[in-house]
Amino acid sequence: MRIGVLTGGGDCPGLNAVIRAIVRKGVNDYGYEFVGFRDGWRGPLENRTTPLQVENVRGILPRGGTILRSSRTNPYKVDGGVETVRTNLKDQGVDALIAIGGEDTLGVAKKLTDDGIPVVGVPKTIDNDLGATDYTFGFDTAVNIATEAIDRLHTTAESHHRCVVVEVMGRHAGWIALHSGLAGGANMILVPEKRFTVADVVKNVESRFRTDFSPIVVVAEGAQPVEGEMVTQNSDRDAFGHVRLGGIGQWLSDRIEQETGKESRAVVLGHVQRGGTPSAFDRVLATRFGLHAIGAVHDGAYGTMVALRGTEIARVSLEEATAELKTVPEGRLREAEVFFG
Ligand code: F6P
């Protein structure tokens, strides 16, 4: 059997660990052959391939990014895209595909399965917002990077009696903001799930300044003020309809300076959160996902995605996996609110 593997959407620490596990188990246990498709769905669409053998995956376990590269290509947005994918897979002698990606990549995987192309999905996103799995790999690494940044920002903010607003990733879900904010002792955490008022932020910032400690406000890039809109960098949309976010940190920092008369700085962590080596937790989770994904192919369980449920790896349908995003529940926010102000 010959299996195609691709990574789609925003990259994420741990992708290479998944690829390595798929190939190692696939070759050693089942005698499968592999072909790597480059640049997400652009690979099968434009026949961009790369060899994928045990030799190609040696040494990649701790490496960030993806050796297969990635893109946000959507074959359903290209005229005749699905038929081209089907023909190219046939020409490559590919019997099944493993697609490693987030909601967009897995949404395409689900549609392709419905259209008769056998796909197994592996969930990835630093945002941790996929509904069917307890955690996605990449999230733990991103939270550790953001927490370390917050720790560092505390000391410089205190030296200068400044507020620092830390903007972290999180388009629809505030998981990175919530976890790094809790771990880093943030003065306030702002997430896309709950609109905030500048008055509330100012109240908490002023209260923290009164203790002679400096406020650190953690804001997810998708968070929105009650009195304004989501801040975007421009109005362009990608093939999945997403605008490029970013800028809420600076906007809020300016408002804090205006309202409190104290100095404030904005720090945007951006892609630093997605780059570099995965944490040990993410390496283990990614490896287990890879092992179970090739197991699913072996069982012919197409149209499914591997998922973490508690400590076990389960199989869920791609339909369930892409049905709804996992956002931060009200109760988790209330827990964090104890430490605001
Ligand atoms: O989906 C993951 C993510 O990191 C989001 O948090 C962020 O909005 C987006 O990707 C940014 O992606 P890029 O700048 O690579 O297009």
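The values are calculated or read from the model by the stated rules, or taken from the named source; none is laboratory data. Small disclaimer: the values here were computed from a predicted structure and weren't measured. Note that each Cβ is placed from the backbone with ideal geometry, even for glycine, and that neighbours are counted across all protein chains shown. The accessibility values were calculated without ligands, DNA or RNA, using every heavy atom of the protein model including side chains. Shrake-Rupley method; radii C 1.70, N 1.55, O 1.52, S 1.80 Å.
Under 16 Å from a label point 7 Å along Cα→Cβ of His172: give me every residue in region 239-253 with its amide N that close.
Once the point is set 7 Å along Cα→Cβ of His172, 239-245 turn out to lie under 16 Å by backbone N, inside region 239-253.
Assuming R0 = 41 Å, what is the FRET efficiency of Asp212 and Ser317, from their Cβ-Cβ distance, to the nearest 0.05?
Working from the Cβ atoms, E equals 0.15.
Cross-chain or 8 or more residues apart, Cα under 25 Å: how many lysine pairs in the chain fit that? Count them up, please.
18
Taking 0.36 nm per intervening residue step and subtracting the Cα-Cα distance, what contour gain separates Val226 from Asp114 on full extension?
Gain on extension, Val226 to Asp114, equals 36.3 nm.
Given R₀ = 22 Å, what would the calculated FRET efficiency be for Lys77 paired with Asn234, taking r from the Cβ atoms and rounding to 0.05?
Once rounded, the FRET efficiency stands at 0.65.
If you put +1 on each Lys and Arg Cβ and -1 on each Asp and Glu Cβ, how big is the dipole of the chain around its Cα centre, in Debye rounded to 20?
Taking the Cα centre of the chain as origin, the dipole is about 740 debye.
Just name one of Ile126, Ser70, Thr141: the one whose Cα is farthest towards the positive end of the charge dipole of region 69-157 (beta-carbon charges, Lys/Arg +1, Asp/Glu -1).
Ser70
So how much slack lies between Gln92 and Asn47, counting 0.36 nm per residue of separation and subtracting their Cα-Cα distance, in nm?
15.4 nm
Give me the accessible area per residue for the chain, probe 1.4 Å, as a whole number in Å².
41
Taking the highest mean first, how do the peptides 122-133, 51-62, 264-275 order by number of other beta carbon atoms within 10 angstrom per residue?
Ranked by mean Cβ neighbours within 10 Å, highest first: 122-133, 264-275, 51-62.
Given the rule -39500 (n - 2.57) for each run of at least 4 DSSP H residues, summed and divided by the residues of the chain, what is its mean residue ellipticity at 222 nm, to the nearest 500 deg cm²/dmol?
Roughly -12000 deg cm²/dmol at 222 nm, from the helical runs in the chain.
Mind checking the full-extension length gain between Thr197 and Arg332? Use 0.36 nm per residue of separation minus the Cα-Cα distance, one decimal, nm. Mind dumping the intermediate values first?
On the way: separation 135, 0.36 × 135 = 48.60 nm, distance 1.92 nm.
Extra length from Thr197 to Arg332 when fully extended: 46.7 nm.
Does anything in region 167-205 have its amide N under 17 Å from the 7 Å Cα→Cβ label point of Thr155, and if so which residues?
184-185
Hey, what do the phi angles of region 227-244 turn into as Karplus ³J(HN,Hα) couplings, whole Hz, using 6.51/-1.76/1.60 and θ = phi - 60°, x for Gly and Pro?
Each residue's phi maps through the Karplus curve to give 8, x, 10, 5, 8, 10, 7, 7, 9, 5, 10, 7, 5, 10, x, 8, 8, 7 Hz.
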